[in-house]
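Report on the following structure.
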Amino acid sequence: MTKPLQVLRSNVSNPKLWIVIGIGVAGVVILAESRRRRKRKGIVVEDFGAFFERFELFPHPQPPPPAPRQALAGLTFAVQDNFDVAGHVTGFGCPDWKRTHEAVEKTAVAVTLLLKNGAKCVGSTVMGEFAFGMTGENVHHGTPVNVKASSCVPGGSSSGSAVAVAAEIVDFALGSDTTGCVRIPASFCGILGYRPSHGVVSTVGILPNSQSLDAVGWFAHDPSILHRVGHSLLKLNAVEPKRLRQILFADDLFELSNVPKHKSVHVITKAAEKLSGYHPPKHMNIGKRIASNVPSLKAFYEDSTNLKNGISSLKTLSSVMLTLQRYEFKINHEEWFTSVKPKLGPSTADLVSSAMNSCIDGIKSLYKVRTEMRTAFQSLLKDNAILVMPTVADGPLPINSRKRSFAEFRDRALTLLSISSMSGCCQVSIPIGTHDGHPISVSFITYHGGDKFLLDTVLDMYPSILEQVSIASVSVPPPDINGDMDTSELLKEKGNAAYKGRQWNKAVTYYTEAINLNGTNTTYYCNRAAAYLELGCFQQAEEDCNKAISLDRRNVKAYLRRGTARESLLRNQEALLDFKQALVYEPQNKAASTAEKRLQKLLR
């Protein structure tokens, strides 16, 4: 027996010996895991998993004086793995794609423009396979770490580019945006993300997902860098005169958002007041505007929907967008998929299968919707208006979220993201602090071709936005005040009369006054919720129903109205639970029974 074994045998009952052995084993395991991670596909831990491949592309030489300094001199950037770089194989986020393709001879036009303007490229970034997916996960290359919310996904498909900027590894990064692939990760990672007007930045040298929707996008953590990159890629005229700006708030879209309005609408309203040539903001229902100005959408409406106030038109628009994307992706890549039969991640496999198995009739009608959307938004925004809306409806999803939770998140997100993708307008996602510990954002949209106008507006407003974000982070909504109960009953009756007369705003005012006097009456909240539903104020309706149910757990009307509000906010799973609960207390309730059957069918 060797000497070490003799020592071990003689001290087998000594606890100190086992502690030493345990520490030693743990150290070996940690060291091995650390080395494994550093070696994994060339990704190093310090890069937060953002990079797929590291390399250097040096900028073009600085011209001699008196020529001005290059616009991007001294800045570094990264490019997504679907941008061609001469001498490298473009991976498209998929090992089988890279395996079956050769190194390219030319660098993408957009990348070349940035090099000509003085920036240095330091590598390619991880992306969702084939520029699909909203979470930013990639089963082959790993999921980049969201440095602003480490337990959550970074958003996709341009996840690596967003993380590289959020972690300040590079000054800016390129990604591609088809159905929100730049806007989502910008929002989730708390940075600026820009989708330009469709077609104004060359996509030559970029692997396509859907050419009618694809746009070259970029991320930055500083508005001046976002602005400089925009000028370089868009070849903008720096001396173009400024225009007066009109701010439009899409009230119905903010109804879909989980962010309190004092952290979003109020922040932008106050920041806009400091703009030169300030006009008081206007409020509008963008869903209704689309419904009345995009007549081709009517051919795609679903008869089974119970959605109100224009949300159905937005949901239909997102469905048309996905159908167009599937059609073009199939045209672009069907031959390769048929011959190679690549190994894909589960979520990507579902998306690709849906595209490859699609059989679309009336393709012209899809393009007609896109054309009408462009016309409708050019008419709405003209050459001086900015539409303000949430970038996405929800915060970043936790890693490994349930499939059903993701489906609801996806539907709500695409309802908002489809507007720019289908109209071709330019859009920028702007971080506005945090809510519930996660980054939040709003988006500015303006007319197709208004990129300089939009970039200038962001540059002008950003300092004021940061100031208002700081103020909003410590502000608290005022509490309710209780008062005289007899007067409150009289106000409730006035509210009922206004409601019957279809004077919804007046009804809300009366019910609110009644609640201020007596904040413990279930009926007041439930009645105000009914008026809010008629006005399309679904979040307020839900909040009132929550209060009514907390005061009376058997209030069937409150469950029905909360279910209606949640369904209108595209939170169908929660709505179904409300209708089921109403049936527990009233098994014969026809409205609850009909709603339950409709949602059960929808969620299959």
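Tabulated results
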{"item": "Top-ranked residue of segment 335-393 - restricted to ones that are among the acidic types (Asp, Glu) and in a loop (DSSP other than H, G, I, E, B), ranked as nearest to the chain's Cα centre (by Cα)", "result": "Asp383"}
{"item": "Residue list for segment 91-123, restricted to those being touching a Phe, Trp or Tyr at 6+ places or on another chain (Cβ under 9 Å) and open to solvent by less than 10 Å² (accessible area, probe 1.4 Å)", "result": "Gly91, Phe92, Gly93, Cys94, Ala108, Ala110, Val111, Leu114, Ala119, Cys121, Gly123"}
{"item": "All strands (runs of 3 or more DSSP E) inside segment 192-257 with 2 or more residues being under 28 Å from His88 (Cβ atoms) and of a type in the set (A, V, I, L, M)", "result": "215-220"}
{"item": "Segment 215-264, subset open to solvent by 20 Å² or more (accessible area, probe 1.4 Å) and among the basic types (Lys, Arg), residue modelled with the lowest pLDDT", "result": "Lys242"}
{"item": "Glu574, sole failed condition from (1) among the charged types (D, E, K, R); (2) in contact (Cβ under 8 Å) with a residue 12 or more places away in the chain; (3) within 25 Å of Ser405 (Cα to Cα); (4) touching a helix residue (DSSP H, G or I) at 6+ places or on another chain (Cβ under 8 Å)", "result": "(2)"}
{"item": "Leading residue by the ranking (modelled with the lowest pLDDT) among those in segment 298-320 that are surrounded by 20 or more Cβ atoms within 10 Å (Cβ to Cβ) and outside any loop (DSSP other than H, G, I, E, B)", "result": "Ile311"}
{"item": "Within segment 266-295, tally of residues that are over 23 Å from Ser312 (Cβ atoms) and surrounded by 15 or more Cβ atoms within 10 Å (Cβ to Cβ)", "result": "9"}
{"item": "Set Phe51, Phe83: member being surrounded by 18 or more Cβ atoms within 10 Å (Cβ to Cβ), closer than 26 Å to Ser401 by Cα, at pLDDT 95 or above and not β-branched (Val, Ile, Thr)", "result": "Phe51"}
{"item": "Hits in segment 138-156 (condition: surrounded by fewer than 24 Cβ atoms within 10 Å (Cβ to Cβ) and part of a loop (DSSP other than H, G, I, E, B))", "result": "Val139, His140, Gly142, Thr143, Val145, Val147, Lys148, Ala149, Ser150, Ser151"}
{"item": "Single residue of segment 54-80 satisfying the filter (of a type in the set (A, V, I, L, M, F, W, C) and free of Cβ contacts under 8 Å to residues at least 60 places away in the same chain) that is most open to solvent (accessible area, probe 1.4 Å)", "result": "Ala67"}
{"item": "Scan of segment 116-138 for residues that are among the small types (Gly, Ala, Ser) and touching a residue at least 60 places away in the same chain (Cβ under 8 Å), ordered by number", "result": "Ala119, Gly123, Ser124, Gly128, Ala131, Gly133"}
{"item": "Hits in segment 157-180 - residues which are touching an Asp or Glu at 6+ places or on another chain (Cβ under 7 Å) and either over 26 Å from Leu72 (Cα atoms) or outside any strand (DSSP E or B) (or both)", "result": "Ile169, Thr178"}
{"item": "Residue count for segment 157-175, restricted to those that are touching a strand residue (DSSP E or B) at 6+ places or on another chain (Cβ under 7 Å) and open to solvent by 10 Å² or more (accessible area, probe 1.4 Å)", "result": "1"}
{"item": "Any hit, segment 195-214, residues being touching a Ser or Thr at 6+ places or on another chain (Cβ under 7 Å), open to solvent by less than 10 Å² (accessible area, probe 1.4 Å), aliphatic (A, V, I, L, M) and in contact (Cβ under 8 Å) with a residue 60 or more places away in the chain", "result": "yes"}
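Okay, residues lined up against (1) of a type in the set (A, V, I, L, M); (2) open to solvent by 30 Å² or more (accessible area, probe 1.4 Å); (3) modelled with pLDDT of 95 or more:
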residue: Leu322; (1), (2), (3): yes, yes, yes
residue: Gln325; (1), (2), (3): no, no, yes
residue: Glu334; (1), (2), (3): no, yes, yes
residue: Met356; (1), (2), (3): yes, yes, yes
residue: Lys368; (1), (2), (3): no, yes, yes
residue: Ala376; (1), (2), (3): yes, no, yes
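For (1) open to solvent by less than 10 Å² (accessible area, probe 1.4 Å); (2) touching a helix residue (DSSP H, G or I) at 6+ places or on another chain (Cβ under 6 Å); (3) without any contact (Cβ under 8 Å) to a residue 12 or more places away in the chain; (4) closer than 19 Å to Leu253 by Cβ, each residue gets a yes or a no:
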{"residue": "Pro342", "(1), (2), (3), (4)": "no, yes, no, no"}
{"residue": "Ala349", "(1), (2), (3), (4)": "no, no, yes, no"}
{"residue": "Leu380", "(1), (2), (3), (4)": "no, no, no, yes"}
{"residue": "Leu387", "(1), (2), (3), (4)": "yes, no, no, yes"}
{"residue": "Asn400", "(1), (2), (3), (4)": "no, no, yes, no"}
{"residue": "Ser421", "(1), (2), (3), (4)": "yes, yes, no, yes"}
{"residue": "Asp436", "(1), (2), (3), (4)": "no, no, no, no"}
{"residue": "Ser441", "(1), (2), (3), (4)": "no, yes, no, yes"}
{"residue": "Lys452", "(1), (2), (3), (4)": "no, no, no, no"}
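The values are calculated or read from the model by the stated rules, or taken from the named source; none is laboratory data. Not measured: the values here are computed from a predicted model. As a convention, Cβ positions derive from the backbone with ideal geometry for all residues, glycine included, and neighbour counts pool all protein chains shown. These area figures cover heavy atoms from the full protein model, side chains too; ligands, DNA and RNA do not enter into them. Shrake-Rupley method; radii C 1.70, N 1.55, O 1.52, S 1.80 Å.
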